[in-house]
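The values are calculated or read from the model by the stated rules, or taken from the named source; none is laboratory data. Since we're looking at a predicted model, the values are computed, not measured. Ideal geometry is used to build each Cβ from the backbone, glycine not excepted, and the neighbour counts take in all protein chains shown.
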There are 2 protein chains.
Amino acid sequence: MFNQLTLSADVGELSVLRYTPAGVPILTMTLLHQSEQTELGVLRQVACEIDAKITGDMALQWQNSAGKRVEVKGFLAKRSLKSNRLILHIQHIEMKKVNDNGS
Amino acid sequence: MFNQLTLSADVGELSVLRYTPAGVPILTMTLLHQSEQTELGVLRQVACEIDAKITGDMALQWQNSAGKRVEVKGFLAKRSLKSNRLILHIQHIEMKKVNDNGS
């Protein structure tokens with residue numbers, strides 16, 4: 001069963017680093033995405049904000065990443081048992097260079 | 001700028017077929033996803049509901065797809081200018097066979 005999102009985005013707000021009861025570091029962040037995508041052969045402007053969660057050593061490394069351009073891969077899940085809001089669980093994240101034209 | 005979701009899901013509620021002012025057919029559907037995904041080396045149960053939109057000839061073809069297992073590819077966008085809710089714009093959809101164990 002597939003559930004894989006690949007997204008280029010700018011890191012927006014970051015939470016304070018927390019730890020699970022088992023001692024696993026967790027960081028939540030807002031990912032701000034803007035791009036052009038094709039629908040029915042027509043190029044359209046797309047924008048969205050996606051809540052994301054990053055755990056383990058990656059959470060420690062990305063604490064000060066606000067404003068950075070990143071490329072992430074991960075899976076979508078509901079935020080909690082009682083919520084239907086989506087959160088992206090980041091499995092892979094890397095820094096990307098912002099081009100001169102902002103793209 | 002990447003924005004690509006690949007998702008296996010069951011089609012839940014479907015809207016009535018609508019048409020844009022330009023005459024393009026639009027169908028919205030809820031996609032119900034359940035799977036096991038790996039996070040920090042640990043397998044975990046994942047579930048989510050994702051609103052999705054399908055346009056053009058695909059919308060005509062998938063009007064009676066409630067309950068079907070599908071695999072979709074598309075991009076995420078905010079639902080409207082004023083909303084931060086996400087909607088998946090489906091660019092590709094295909095039927096999948098449900099295994100005997102429901103997976």
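So which of B:LEU76, B:LEU32 is touching a residue at least 60 places away in the same chain (Cβ under 8 Å), in a strand (DSSP E or B) and out of contact with any Ser or Thr (no Cβ under 9 Å at 6 or more places or on another chain)?
Working: B:LEU32 fails: touching a residue at least 60 places away in the same chain (Cβ under 8 Å).
Residue meeting the stated conditions: B:LEU76.
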Only one of A:VAL98, A:VAL46 is at pLDDT 95 or above and among the β-branched types (Val, Ile, Thr). Can you tell me which?
A:VAL46
Could you check how many residues of segment B:4-26 are assigned to a strand (DSSP E or B), more than 11 Å from the chain's Cα centre (by Cα) and surrounded by 14 or more Cβ atoms within 10 Å (Cβ to Cβ)?
3
Find the residue count for segment B:12-38, including only residues that are within 26 Å of A:ALA52 (Cβ to Cβ) and touching a Lys or Arg at 6+ places or on another chain (Cβ under 9 Å).
5
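Among the residues of segment B:36-55, is there at least one that is among the acidic types (Asp, Glu), free of Cβ contacts under 8 Å to residues at least 24 places away in the same chain and in contact with a strand residue (DSSP E or B) (Cβ under 7 Å, 6 or more places away or on another chain)?
Just the residues of segment B:36-55 that are among the acidic types (Asp, Glu), to begin with: B:36, B:39, B:49, B:51.
Among the residues that remain, those that are also free of Cβ contacts under 8 Å to residues at least 24 places away in the same chain are: B:36, B:39.
Now drop any that are not in contact with a strand residue (DSSP E or B) (Cβ under 7 Å, 6 or more places away or on another chain), which leaves B:36, B:39.
Yes - at least one qualifying residue is present in segment B:36-55.
Of the residues B:VAL70, B:VAL16, B:VAL24, which is at the interface with chain A (Cβ under 9 Å from one of its Cβ atoms) and at pLDDT 95 or above?
Details: B:VAL70 fails: at the interface with chain A (Cβ under 9 Å from one of its Cβ atoms); B:VAL16 fails: at the interface with chain A (Cβ under 9 Å from one of its Cβ atoms).
After applying the criteria, what remains is B:VAL24.
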